[in-house]
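**Q** One structure, as structure tokens, below. Some questions next.
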Amino acid sequence: MKPTLQPGKLLVTAIMLLFGVIFLLPFLWMISTSFKVEADVFIFPIQWIPTQWNIIQNYTEVWNGKYPFALYYFNSIKISVITTVLSVLISSMAAYGFSKVNFKGKEIIFIIVLATYMVPHQAFLVPQFVLYRWLGLFNSHLGLILLGSVSVLGTFMLRQFYMGIHNEFIESAKMDGANHIRIFFSIAFPLVRPAVATYAILRFIWTWNDFLNPTIFIKSDILYTIPIALKKFSDAYGGQTYSLIMAGAVSAIIPLLIIFVVAQKQVIEGIAVGGVKG
């Protein structure tokens, strides 16, 4: 049977394609600008393909110029990876506990935990700053890692998936002599792997792009992360270094693209499973 063209579907496809192009334009402008000389950045109409290429000079200045960009890059990778691993582990164990372990006051404690998510993050900044100074965690990567390692959103999100695991699995494992730690690592955690992968990618992206916490809790230049490093290019030349800033931004998104490409199957599967659960 010959397929027929449906005007409604064609119109929707054309509109979605238009929105897709609109969303891509800033990304394309960022890449194009990173290839240009500074004088051509704001020429109108926009030169999507530069007439004067300055790729080597821009990226050399970013990676081997005035600032130790490679060190900032390493700092971001270290903080993002460790934070993601700890956050996934802590959130998963908390979610399992709130969904599969029976203890007194479980529901009330979970509501209290959720209630902390309703308070804006900015409201915690001053007490966190005072506490970190008192504990000696100010101006350290350990402090930043601990800030992102505990997540109410991650606990809530993963709890919904753990609740979907049939209790018969848990009870059968108990009858075989397994305790909750063994059940968690051998049965429950592997069953929610798509959701864990989705949360891990989101946590990595949030940590990698975090600008507020490093700005407040990091003082030493050698401890800076990528978002602060990009700001330094702007500050150092009076805001007239868009080509260098865009070269740094293009360099900064490479790990995010690699992670998404490698784990996109798990992410899509996790979103699909979440959609089925409603």
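**Q** Before we move on, is GLN57 open to solvent by 80 Å² or more (accessible area, probe 1.4 Å), touching a helix residue (DSSP H, G or I) at 6+ places or on another chain (Cβ under 7 Å) and polar (S, T, N, Q)?
**A** Values: open to solvent by 80 Å² or more (accessible area, probe 1.4 Å): yes; touching a helix residue (DSSP H, G or I) at 6+ places or on another chain (Cβ under 7 Å): no; polar (S, T, N, Q): yes.
No, not satisfied.
**Q** With the condition kept exactly as written, say whether any residue in region 113-123 is open to solvent by less than 30 Å² (accessible area, probe 1.4 Å) and either closer than 15 Å to ASN213 by Cβ or not acidic (Asp, Glu) (or both).
**A** no
**Q** Looking at (1) at positive phi; (2) in a helix (DSSP H, G or I), which is the one condition that is false for TRP134?
**A** (1)
**Q** Among SER91, SER99, which is the only one that is closer than 23 Å to LEU202 by Cα, in contact with a Gly (Cβ under 7 Å, 6 or more places away or on another chain) and assigned to a helix (DSSP H, G or I)?
**A** Matching residue, one of SER91, SER99: SER91.
**Q** Next up: Among the residues of region 91-112, are any within 21 Å of the chain's Cα centre (by Cα), buried (at least 16 other Cβ atoms within 10 Å of the Cβ) and over 22 Å from TYR199 (Cα atoms)?
**A** Within region 91-112, not a single residue is within 21 Å of the chain's Cα centre (by Cα), buried (at least 16 other Cβ atoms within 10 Å of the Cβ) and over 22 Å from TYR199 (Cα atoms).
**Q** Do the conditions hold for LEU223, that is, is it under 25 Å from the mean Cα position of the chain (by Cα), of a type outside the set (Lys, Arg) and surrounded by 16 or more Cβ atoms within 10 Å (Cβ to Cβ)?
**A** On the way: under 25 Å from the mean Cα position of the chain (by Cα): yes; of a type outside the set (Lys, Arg): yes; surrounded by 16 or more Cβ atoms within 10 Å (Cβ to Cβ): yes.
Yes, satisfied.
**Q** Separate question: Please give the number of the condition ILE79 fails out of (1) of a type outside the set (D, E, K, R); (2) modelled with pLDDT of 90 or more; (3) open to solvent by 70 Å² or more (accessible area, probe 1.4 Å); (4) out of contact with any Phe, Trp or Tyr (no Cβ under 7 Å at 6 or more places or on another chain).
**A** Checking ILE79 against (1) of a type outside the set (D, E, K, R); (2) modelled with pLDDT of 90 or more; (3) open to solvent by 70 Å² or more (accessible area, probe 1.4 Å); (4) out of contact with any Phe, Trp or Tyr (no Cβ under 7 Å at 6 or more places or on another chain), the one that fails is (3).
**Q** Right, another one. I'd like to check something: does region 73-83 contain any residue that is among the basic types (Lys, Arg) and assigned to a helix (DSSP H, G or I)?
**A** Looking through region 73-83, at least one residue is among the basic types (Lys, Arg) and assigned to a helix (DSSP H, G or I).
**Q** Take the residues in region 30-54 that are within 25 Å of the chain's Cα centre (by Cα) and closer than 22 Å to LYS232 by Cβ, then tell me which one is most open to solvent (accessible area, probe 1.4 Å).
**A** The qualifying residue most open to solvent (accessible area, probe 1.4 Å) is ILE31.
**Q** Would you confirm whether or not region 152-159 contains a residue that is closer than 17 Å to SER91 by Cβ, of a type in the set (S, T, N, Q) and not in a loop (DSSP other than H, G, I, E, B)?
**A** Checking region 152-159: at least one residue is closer than 17 Å to SER91 by Cβ, of a type in the set (S, T, N, Q) and not in a loop (DSSP other than H, G, I, E, B).
The values are calculated or read from the model by the stated rules, or taken from the named source; none is laboratory data. Since the model is a prediction, treat every value here as computed from it, not as a measurement. No Cβ is skipped: glycine too gets one built from the backbone with ideal geometry, and neighbour counts run over all protein chains shown. Surface areas here come from the heavy atoms of the whole protein model, side chains and all, with no ligands, DNA or RNA. Shrake-Rupley method; radii C 1.70, N 1.55, O 1.52, S 1.80 Å.
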